[in-house]
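**Student:** Structure incoming, see below.
A short reminder: the numbers here are calculations on the coordinates, not readings from a lab. No experiment lies behind these values; they were computed from the predicted model shown. For neighbour counting, all protein chains shown are included, and Cβ atoms are generated from backbone atoms with ideal geometry for every residue, glycine included.
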Amino acid sequence: MTKLIIGNWKMNGSQALVASMVESIKSVINQTSSSVQVVVCPPFPYLGVLKQAIGDANIGIGAQNVHTQLSGAFTGEISVGILKDWQTTHCLVGHSERRSLFGETDQLVQEKTKLLLDHEIKPVICVGETLEQRESGQHESTVTQQLKVALKGLSSSELERSVVAYEPVWAIGTGKTASEEQANQMHIVIRKTLEEHATPDLAKSVMILYGGSVNAKNAGSLLQQSDIDGCLVGGASLKPEDFSQIIQAGL
Ligand code: PEP
């Protein structure tokens, strides 16, 4: 099955990095029959430069956020129509930094998910527990609850076009990766939750990514797990060589 590798640049990068990153990704995906799909999520001002650098290569254009309103007086925000205008293919929703720093609730994540699907952009629904929740044994119920709210009201075909990213909060940007077993176990729980919304076959076809300190060294073993369909990469997606090695790990 094709793997999906998404790079989340957060509030980092430059035009020069867009150019060198796209060159580096192209040289990796050109060498193979491409069993990996790659998406780059730069800050908004770089979406146009990214689109231009990609040309007709098979690399997706990702956004890190979207506003729920279609247009209007929302200074500093980006609408789904603007994302569509830049041929954005994917958009993160509910990243833990949006939840913890900008107060995004499960309900808002659900609204954004539906809005993106209505405009044919794939939502990458981020879920994950804090260290406290894991240590008190609430990690599975926390993630299941986040996901259930996000998926509320989605049809089977909408679910099929959605991507889920499991990102334990304690592993994001900390250098602490979940073990392959911890990650895969949570992916199995997520898959079971998806089955409550769709047939097992459809649930199987939804991509579930792992995110949290993925790097060139640990990507291979994570991607070999039965229910890990790809990775959402933060820090290492800013380094062309490391990101290329992560892509190669999925080939
Ligand atoms: C992320 O930002 O989604 C992420 C997983 O970051 P990092 O890889 O740096 O932990």
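**Student:** Given the rule -39500 (n - 2.57) for each run of at least 4 DSSP H residues, summed and divided by the residues of the chain, what is its mean residue ellipticity at 222 nm, to the nearest 500 deg cm²/dmol?
**Tutor:** -12500 deg cm²/dmol
**Student:** So, one more: I'd like the GluC sites (Glu not before Pro) in the range 154-251 restricted to DSSP loop residues with at most 15 other Cβ atoms within 10 Å, sorted by number.
**Tutor:** Counting only loop positions with at most 15 other Cβ atoms within 10 Å, the GluC sites (Glu not before Pro) in the range 154-251 are GLU196.
**Student:** If you average the alpha carbon positions of the range 172-199 and of the range 204-251, how far apart do those two centres end up, in angstrom?
**Tutor:** If you average the Cα positions of each part, the centres end up 14 Å apart.
**Student:** Now for a separate question. Ranked from highest to lowest mean number of other Cβ atoms within 10 Å per residue, what is the order of the peptides 58-69, 131-142?
**Tutor:** Ranked from most to least packed, the peptides come out as 58-69, 131-142.
**Student:** Also, quick follow-up: Rounded, prolate or oblate: which fits the chain when a ≥ b ≥ c are the square roots of the eigenvalues of the alpha-carbon gyration tensor, with rounded for a/c under 1.5 and prolate only if a/b beats b/c?
**Tutor:** rounded
**Student:** Still on this model: Step by step: find N for the range 177-251, compute 2.2 N^0.38 Å, then divide the Cα radius of gyration by it. What's the final number?
**Tutor:** My calculation over the Cα atoms of the range 177-251 gives 1.15.
**Student:** Something else: Cα gyration tensor of the range 129-230, axes a ≥ b ≥ c as square roots of the eigenvalues: rounded (a/c below 1.5), prolate (a/b > b/c) or oblate?
**Tutor:** Here the range 129-230 falls in the oblate category.
**Student:** For the range 67-137, take N as its residue count and report Rg(C-alpha) divided by 2.2 N^0.38 Å.
**Tutor:** 1.24
**Student:** Further, regarding this structure: Beyond 22 Å between alpha-carbons counts as too far, so tell me which of LYS26/LYS112; LYS84/LYS114; LYS122/LYS217; LYS148/LYS204; LYS176/LYS204; LYS84/LYS122 fall in that bin.
**Tutor:** Checking Cα-Cα distances, LYS26/LYS112; LYS122/LYS217; LYS176/LYS204 exceed 22 Å.
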